[in-house]
1. Largest first, how would 58, 124 line up by accessible area (1.4 Å probe)?
2. Enter the accessible area per residue of the stretch 20-96 (Å², integer; probe 1.4 Å; all protein chains in place).
3. Could you give P(r) for the stretch 62-126, binned at 10 Å from zero, as whole percent values over all Cα-Cα pairs?
4. Just to be sure I understand the curve: with the Debye formula and one point per C-alpha of the stretch 1-97, what is log10 I(q)/I(0) at q = 0.10, 0.23 Å⁻¹?
5. Residues with amide H under 5 Å of residue 79's amide H, sequence separation 5 or more or different chain, H placed in the peptide plane at 1.01 Å from N; which?
6. Quantify, in whole percent, the carbon and sulfur part of the accessible surface of the chain (1.4 Å probe; protein heavy atoms only).
7. With θ set to phi - 60°, apply the Karplus curve 6.51 cos²θ - 1.76 cosθ + 1.60 along the stretch 26-41 and write out the HN-Hα couplings as whole Hz, x wherever there is a Gly or Pro.
8. For residue 128, list the lysines whose Cα falls under 24 Å from its own Cα; do not include residues on the same chain fewer than 8 positions away.
Amino acid sequence: MKSEPESRIIKGIDVKFSIDDLQAMPDATSQWDGVRNYKARNYLRDDIKRGDKVLFYHSNCKVPGIAGLAIVTKEGYPDYTAFDAKHPYYDPKSSTDAPKWFMVDVKFERKFDRILPLAEIKQHNLLKEMAL
């Protein structure tokens, strides 16, 4: 799960969302919306299942890396942010009849004591085949 822990304004809205933000949500649960990559979309729509654990990855920051763990609480469903013209993740080619983008719900499980940088992750033999 990729997130942005530092502020970034799109259409006047801050899309920042860190592991701390997830932990602060009611029931420490939130949808993972705004994914606009086809490979990731297919994974969200077709492969991620309720109960799967996900790595919570901070990107677009000084030290990108894994910040903690979350668990999937709801399997893939249409990302309704794509239907709202005022939302930063709006996509005019997506509709309720033919949704183009999908999301899942995740629940905070654990924050790591430190960020595990991508370069460090890639050094581990057990993780070489992992999609990052």
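The values are calculated or read from the model by the stated rules, or taken from the named source; none is laboratory data. Just so it is clear, the model here is predicted, and its values are computed rather than measured. Surface accessibility is based on the protein's heavy atoms, side chains included, excluding ligands, DNA and RNA. Shrake-Rupley method; radii C 1.70, N 1.55, O 1.52, S 1.80 Å.
1. Numbers: 58 20, 124 95 Å².
Ranked list, largest accessible area first: 124, 58.
2. Here the per-residue accessible area is 57 Å².
3. Histogramming the stretch 62-126 at 10 Å steps yields 19, 27, 30, 21, 3 percent.
4. -0.28, -1.46
5. 101, 102, 103
6. On the way: 4310 of 8180 Å².
On the chain, the fraction of accessible area on carbon and sulfur atoms equals 53 percent.
7. The phi angles translate into x, 6, 6, 10, 8, 6, 9, 9, x, 6, 10, 10, 4, 5, 5, 4 Hz.
8. Answer for residue 128, where 24 Å is the Cα cut-off: 2, 39, 49, 53, 62, 111, listed by chain and number.
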